[in-house]
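Student: For reference, the structure I am asking about is given below.
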Amino acid sequence: MDNEEFRDWSRRAADWGADYRAGLRERPVRPAIAPGEIFRSIEVSPPEMPEPMDKIFADFEEKIVPGMTHWQHPRFFAYFPANAAPVSVVAEYLVSAMAAQCMLWQTSPAATELETRVVDWMRQALGLPEGFAGVIQDSASSATLAAVLTMRERALDWQGNKKGLAGQAKLRVYSSDQVHTSIDRAIWVSGIGEENLIRIPVGGRFRAMDTAALEAAIVADRKAGLLPAGIIACVGGTSTGGTDDIAAVAAVANRHGLYLHVDAAWAGSAMICPEYRQFWTGVEGADSIVFNPHKWLGAQFDCSIQFVRQPEDLVRTLAIKPDYLKTRGHDGIINYSEWSVPLGRRFRALKLWFLLRAHGLEGLRNMIRNHVAWSEGLAARLAREADFELSSEPMLSLFSFRHRAAPGIDADEHNLRLVDAINTDGRIYLTQTRVDGRVAIRFQAGQFEATAADVDAAFDVITEIARRLS
């Protein structure tokens, strides 16, 4: 592809992207295809000779797009959003065109310095105090792993990386059962081991950790010769929005000298609205915090910010400095590859910079406030329906519900059939969870371009299909 062809196809791809976004409401949110259907449509062997771009692009439209779940669809109410505001997509075009490797200051000075600035913009926007620094990771999974590795090293007096875990005291980490499974994976990968992730009982509307039980577990483990290393608290857990009392958990962590990591991957975006900061009161006592602008805020994936109170601890845990990665003649610069598990880094800060400037904090606040209000309104409407019940009250824009099954019908199976029927219908997309051991259907409003009418349509689809199954 020469430069003129590159120019032409770049324009055609941009036009296709704009048309795609404009026509999303006419598409089913999730494709109605069978497993293996796309796989069988792709040639078994790679081509020996070049193929024309027209044919490649035609195959993309014919074979690939019909098999995609449309995460930018305004009626995507499943999981959590993975928003890509159009201005963020434009920034990603530029990032892809430059194709920079941003691992060190010297490999892309502007990328490093912009990252430092926009992360501090986000610190201010979330109301976090000065003293927190941050880094843009690829996902909350990586940020959580970095936090767990840091708590491990701090607890072992920085000997884990050097000596390994064999012969060391057995480490313990504490969380509720409301945290994301990325915490489990971080415990596996860090070598701490699943049996040493201690689940603390929860209670109350937001299924918060029982801090008395948390403290008792820490004391008991110490008496048994085990080594408590850290606590992982959550704000807006994936299942029902489980949210810990961060101030109370931070007090326990402080009393026992434990590292506290707060996972606010989804709900953290809402903290740009001062009225929602009650959900993480005391967060200034955390050692690290993660939230994903690529979820609710509108920055295209991947863009996850990890704030840390003591960046030197993170760097001490993760930095490897061979001679070929040193920047000669410059002291005190930031090399963000030393703050992350991967060495390679994309220029993630650019899309966040574009997003914040194009929409402003107030524009983003309005979007989030609307999503919360629309979701609360839908929850109230469903609760008034005779055959529906709420399984969990709204936490920001997330709640869950159940449809009452007819006598003699297994209620869990009925609700699984309901969510499957809704998703097969294609007009909206929902996912299921379990609340207090029973199947429930999750709803969250969060897609960047959703409207009140889209949420109203969700009510119509849910009630219509439920009547059909009754």
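The values are calculated or read from the model by the stated rules, or taken from the named source; none is laboratory data. Remember, predicted model here, so these are calculated numbers, not experimental data. Virtual Cβ from ideal backbone geometry, glycine too; neighbours counted across all protein chains shown. Ligands, DNA and RNA are excluded from the accessible area calculation, which covers all protein heavy atoms including side chains. Shrake-Rupley method; radii C 1.70, N 1.55, O 1.52, S 1.80 Å.
Student: Which semi-axes, in whole Å and largest first, does the equivalent ellipsoid of region 383-447 have when worked out from the alpha carbon gyration tensor as the square roots of 5 times its eigenvalues?
Tutor: 19, 15, 11
Student: Right, here's the next one. Between residue 13 and residue 284, what is the FRET efficiency for a Förster distance of 51 Å, r being their Cβ-Cβ separation, to the nearest 0.05? Please report the intermediate quantities before stating the final value.
Tutor: Working: r = 44 Å, r/R0 = 0.87.
My answer for the efficiency is 0.70.
Student: Which net charge results when you count Lys and Arg as +1 and Asp and Glu as -1 among the other residues whose beta-carbon is under 13 Å from that of residue 184?
Tutor: Taking every Cβ under 13 Å from that of residue 184, the sum is -2.
Student: Taking region 108-237 as the region of interest, what is the percent of Cα-Cα pairs per 5 angstrom bin, listed from the shortest bin to the one with the maximum distance?
Tutor: P(r) over region 108-237, rounded to whole percents: 2, 9, 16, 18, 18, 15, 12, 6, 3, 1, 0.
Student: From zero up to wherever the largest Cα-Cα distance of region 1-118 sits, split into 5 Å bins and tell me the percent of pairs in each.
Tutor: Bin by bin from 0 Å, the calculated values are 2, 8, 13, 16, 16, 17, 14, 10, 4, 1.
Student: Next up: Determine the relative contact order of region 376-470: mean sequence separation of Cα pairs under 8 Å and six or more apart, normalised by residue count, in whole percent.
Tutor: Values: 118 pairs, mean separation 25.0, N = 95.
Relative contact order, region 376-470: 26 percent.
Student: Related question: What pairs from 223/295; 163/223; 170/295 go past 30 Å between their alpha carbons?
Tutor: In this structure, 223/295; 170/295 exceed 30 Å between Cα atoms.
Student: Here is a further query. Which whole-number percentage describes the relative contact order of the chain, with Cα contacts under 8 Å and a sequence gap of 6 or more? Before the final figure, lay out the partial values.
Tutor: Working: 806 pairs, mean separation 101.9, N = 470.
It rounds to 22 percent for the chain.
Student: In addition: Given H placed on each backbone N at 1.01 Å, which residues far from residue 198 in sequence or on other chains put an amide H within less than 5 Å of it?
Tutor: Residues meeting the amide H criterion: 173, 174, 175.
Student: Report the relative contact order of region 192-288, percent, no decimals, based on alpha-carbon pairs under 8 angstrom and at least 6 residues apart. The partial results should precede the final answer.
Tutor: Details: 123 pairs, mean separation 24.9, N = 97.
Contact order relative to length: 26 percent.
Student: Separate question: Net charge around residue 87, counting only other residues with Cβ within less than 13 Å of its Cβ (Lys, Arg = +1; Asp, Glu = -1)? Spell out each step's value before the answer.
Tutor: Values: positive: 21, 351, 357; negative: 92, 449.
Residues near residue 87 contribute +1 overall.
Student: Shifting gears a bit: Any chance you could get the radius of gyration and Dmax over the Cα atoms of region 174-216, in Å?
Tutor: Radius of gyration, then largest Cα-Cα span, for region 174-216: 11.2, 34 Å.
Student: Further question on the same structure: Shape call for region 337-414 from the C-alpha gyration tensor, a ≥ b ≥ c root eigenvalues: rounded (a/c under 1.5), prolate (a/b greater than b/c) or oblate? List each step's numbers first, then the result.
Tutor: Details: a/c = 5.07, a/b = 1.96, b/c = 2.59.
Oblate shape, in that a/c is at least 1.5 and b/c is the bigger or equal ratio.
Student: Round to a whole number: what % of the accessible area of region 279-431 belongs to carbon and sulfur, probe 1.4 Å?
Tutor: 50
Student: If you don't mind, another one. Only residues of region 89-119 count here: report those whose backbone N is under 13 Å from the spot 7 Å along Cα→Cβ of residue 333, or say none.
Tutor: Only 102-114 pass the distance filter.
Student: I want to verify the translational diffusion coefficient of the chain in µm²/s; compute it with Stokes-Einstein, Rh as the Kirkwood radius over Cα pairs, at 4 °C and 1.567 mPa s.
Tutor: Diffusion coefficient, whole number: 54 µm²/s.
Student: What does DSSP give for the chain in terms of the percent of beta bridges that are antiparallel, rounded to the nearest 5?
Tutor: If I count the DSSP bridges inside the chain, around 60 percent turn out antiparallel.
Student: Once you list every other residue whose beta carbon is under 10 Å from the beta carbon of residue 129, what net charge do they have if Lys and Arg are +1 and Asp and Glu are -1?
Tutor: Cβ neighbours under 10 Å give a net charge of 0.
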